[in-house]
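Since the structure comes first, as structure tokens, the remarks are kept for the end.
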């Protein structure tokens, strides 16, 4: 990333101080809940300005590298503006026609956590093949553990197995990193109150089932679990999550989508 690209991003020092403090507080909670395990903290920066991301990336005390975005166009615009070693995570609902552009235009895309069909996996694979010098792109299969019609994700069981086998057999430019769930809001609140979360229990069981079924392909490699957000990440970690996605606890309340633009002066890359 050229110096010119980032020097045009103005960082408010007071805002940066607040962000760093919030991230440090979340990081300490993650460390305490992890009890010695390595847990990846993804700072979910959707609908937040590039200056917020740059402030956390540049701060010498936190040096946050992993950021999550929900909208493909917003991610592509932010990735163009920000340093090329930021590790981007796409965690939102993903349309099939956005898969190939996403994987082909962002070489520092670290993981796509919302794959729920062979078609989307294939399109991501084709996009990633344009970067012949890069390692395979990490993938989480999103599992609909709550069974809600409003939630994306594969149905636990045969549908999840079919997608996992498709990725392993037909998408060499993808790396099946693990499973992800969002889960029901009501269950999330139960977790925050100290109770066991049924979505997290089901995802753990699905991981164990899939690892056994795919033993010949995976060998001794474990599939990671990505579960837990602002309301319930500590409970998720205690139940074995390897990655948590925390947004509002770090960045505060988000604006409405229609009120936000990555670049206020220039609109580009329309879909």
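The values are calculated or read from the model by the stated rules, or taken from the named source; none is laboratory data. Because the structure is a prediction, the values reported are computed rather than measured. Backbone-built Cβ (ideal geometry, glycine too); neighbour counts: all protein chains shown.
Take residue 235 and tell me if it is under 17 Å from residue 35 (Cα atoms), crowded, with 16+ Cβ neighbours inside 10 Å and out of contact with any strand residue (DSSP E or B) (no Cβ under 9 Å at 6 or more places or on another chain). Yes; evaluated as a whole, the condition is true for this residue. Being over 14 Å from residue 117 (Cβ atoms), exposed (fewer than 13 other Cβ atoms within 10 Å of the Cβ) and at pLDDT 95 or above holds for only one residue in 147, 178, 194, 157, and it is 157.
Within the stretch 65-80, restricting attention to residues that are surrounded by fewer than 19 Cβ atoms within 10 Å (Cβ to Cβ) and in a helix (DSSP H, G or I), the residue that is farthest from the chain's Cα centre (by Cα) is 80.
Output the residues belonging to the stretch 215-226 that are surrounded by fewer than 16 Cβ atoms within 10 Å (Cβ to Cβ), in contact with a helix residue (DSSP H, G or I) (Cβ under 7 Å, 6 or more places away or on another chain) and outside any helix (DSSP H, G or I). Scanning the stretch 215-226 gives a single hit, 222. Can you confirm whether residue 212 is part of a helix (DSSP H, G or I) and at pLDDT 95 or above? Considered against the rule, which asks whether it is part of a helix (DSSP H, G or I) and at pLDDT 95 or above, residue 212 comes out as yes.
If only one of 84, 100 is part of a loop (DSSP other than H, G, I, E, B), out of contact with any strand residue (DSSP E or B) (no Cβ under 8 Å at 6 or more places or on another chain), surrounded by fewer than 21 Cβ atoms within 10 Å (Cβ to Cβ) and in contact (Cβ under 8 Å) with a residue 24 or more places away in the chain, which one is it?
Working: 100 fails: part of a loop (DSSP other than H, G, I, E, B).
84 is the lone residue from the list that is part of a loop (DSSP other than H, G, I, E, B), out of contact with any strand residue (DSSP E or B) (no Cβ under 8 Å at 6 or more places or on another chain), surrounded by fewer than 21 Cβ atoms within 10 Å (Cβ to Cβ) and in contact (Cβ under 8 Å) with a residue 24 or more places away in the chain.
For the stretch 162-171, the count of residues that are surrounded by fewer than 18 Cβ atoms within 10 Å (Cβ to Cβ), in contact with a strand residue (DSSP E or B) (Cβ under 7 Å, 6 or more places away or on another chain) and at pLDDT 95 or above is nonzero. Would you be able to say whether some residue in the stretch 115-128 is without any contact (Cβ under 8 Å) to a residue 40 or more places away in the chain, touching a strand residue (DSSP E or B) at 6+ places or on another chain (Cβ under 7 Å), part of a strand (DSSP E or B) and within 26 Å of residue 41 (Cβ to Cβ)? No, that holds for no residue. Within the stretch 174-209, the set of residues being part of a helix (DSSP H, G or I) and touching a helix residue (DSSP H, G or I) at 6+ places or on another chain (Cβ under 9 Å) comprises 187, 188, 190, 191, 192, 198, 199, 200, 206, 209. Modelled with pLDDT of 95 or more, under 24 Å from residue 177 (Cβ atoms) and within 20 Å of the chain's Cα centre (by Cα) - does that describe any residue in the stretch 5-26? Among the residues of the stretch 5-26, at least one is modelled with pLDDT of 95 or more, under 24 Å from residue 177 (Cβ atoms) and within 20 Å of the chain's Cα centre (by Cα), which makes the answer yes. Taken over the stretch 22-55, the criterion of being under 14 Å from residue 250 (Cβ atoms), touching a strand residue (DSSP E or B) at 6+ places or on another chain (Cβ under 8 Å) and touching a residue at least 40 places away in the same chain (Cβ under 8 Å) is satisfied by 23, 26, 30, 41, 42, 43, 44, 45, 46.
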